[in-house]
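Structure first, commentary second.
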Amino acid sequence: MDNKIAKKLEEFFTQFKHQVYKKKELLIRADDNPSGIFYLKKGFVKEYAISKKGDELVVNIFKPISFFPMSWAINNTKNMYFFEAVTDVEVWRAPKENTIEFVKNNPDVLYDLLGRVYKGTDGILMRMTYLMAGNAYARLITEIIIHAKRFGSPLKISEKDLAAQSGMTRETVSREMKMLKVKGLVAFEKNTIIVKNLGGLEEELGLL
């Protein structure tokens, strides 16, 4: 993100309520009306739903200098997701109306937000492509590529979280991860993935 935009966001959101959450605390519950727009200064927050079987289905992970839930704010849609702290987090919470006015009055912020929405859409479409293919190996690679491009390497993520995001069991993720390690594409230990060859992962999917 451009430093000028980051500064604008911080100047706007820090006018409002400052909050901290511990790891695993909920910021927003599914079906609740959010109390405002959260600006994430520090830590990571995951957005997820719970399936009828009780499985956690992660749809997004927010990193610092993100603000959410903007679909609820812009489209007045019902919030269907839980937002939970993956780590200890620090946020500021602004009223929805003030945030919408701020975004409308700052085209550069709006353009940056739109760019991030499209990046997220690309990730969702990529995930859907390999989800429909029904190949566990391809689905795992897809998740790793999406995360590596968003957060860089090493990735602080557990096999359990990868399973939740790819719609597979933890055992399946573990099995497919071993194949990637054997091929020298990744290393994995203590909930940390080191992507050794991003291009090689893309070649495995036939993207190059």
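General observations
- Residue under evaluation Val117, criteria (1) assigned to a strand (DSSP E or B); (2) under 22 Å from Lys7 (Cβ atoms); (3) among the hydrophobic types (A, V, I, L, M, F, W, C), criterion not met: (1)
- Scan of the stretch 17-29 for residues that are crowded, with 18+ Cβ neighbours inside 10 Å and under 20 Å from Asn98 (Cβ atoms), ordered by number: Leu27, Ile28
- Checking Trp92 against (1) out of contact with any His (no Cβ under 6 Å at 6 or more places or on another chain); (2) outside any loop (DSSP other than H, G, I, E, B), the condition it does not meet: (1)
- Subset of the stretch 75-102 (residues that are more than 14 Å from Gly36 (Cβ to Cβ) and either touching a Cys at 6+ places or on another chain (Cβ under 6 Å) or not charged (D, E, K, R) (or both)): Asn75, Asn76, Thr77, Met80, Tyr81, Phe82, Ala85, Val86, Thr87, Val89
- Boolean, Ala94 is closer than 14 Å to Phe12 by Cβ and either surrounded by 13 or more Cβ atoms within 10 Å (Cβ to Cβ) or not assigned by TED's automatic domain parsing to the domain that holds Phe151 (or both): yes
- Filter pass, Ala164 being at pLDDT 85 or above and among the small types (Gly, Ala, Ser): no
- Any hit, the stretch 68-85, residues being touching a strand residue (DSSP E or B) at 6+ places or on another chain (Cβ under 7 Å), of a type in the set (A, V, I, L, M) and part of a loop (DSSP other than H, G, I, E, B): yes
Residues checked against (1) among the small types (Gly, Ala, Ser); (2) within 21 Å of Ile157 (Cα to Cα); (3) at pLDDT 90 or above:
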{"residue": "Ala30", "(1), (2), (3)": "yes, no, yes"}
{"residue": "Ile61", "(1), (2), (3)": "no, yes, no"}
{"residue": "Asn79", "(1), (2), (3)": "no, no, yes"}
{"residue": "Pro95", "(1), (2), (3)": "no, no, yes"}
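- Conditions (1) modelled with pLDDT of 90 or more; (2) surrounded by fewer than 20 Cβ atoms within 10 Å (Cβ to Cβ); (3) farther than 17 Å from Ile157 by Cβ: number failed by Val86: (3)
- Asp112 satisfies every condition listed in (1) part of a helix (DSSP H, G or I); (2) under 12 Å from the mean Cα position of the chain (by Cα); (3) touching a residue at least 60 places away in the same chain (Cβ under 8 Å) except (2).
- Considering only residues in the stretch 30-53 that are part of a strand (DSSP E or B) and charged (D, E, K, R), the one that is surrounded by the most Cβ atoms within 10 Å (Cβ to Cβ) turns out to be Glu47.
- Residue, surrounded by the fewest Cβ atoms within 10 Å (Cβ to Cβ), within the stretch 122-151, restricted to residues that are modelled with pLDDT under 75 and within 14 Å of the chain's Cα centre (by Cα): Asp122
The values are calculated or read from the model by the stated rules, or taken from the named source; none is laboratory data. As the structure is a prediction and not an experimental result, all values here were calculated from the model. Using ideal geometry, Cβ is built from the backbone for each residue, glycine included, and neighbour counts are taken over all protein chains shown.
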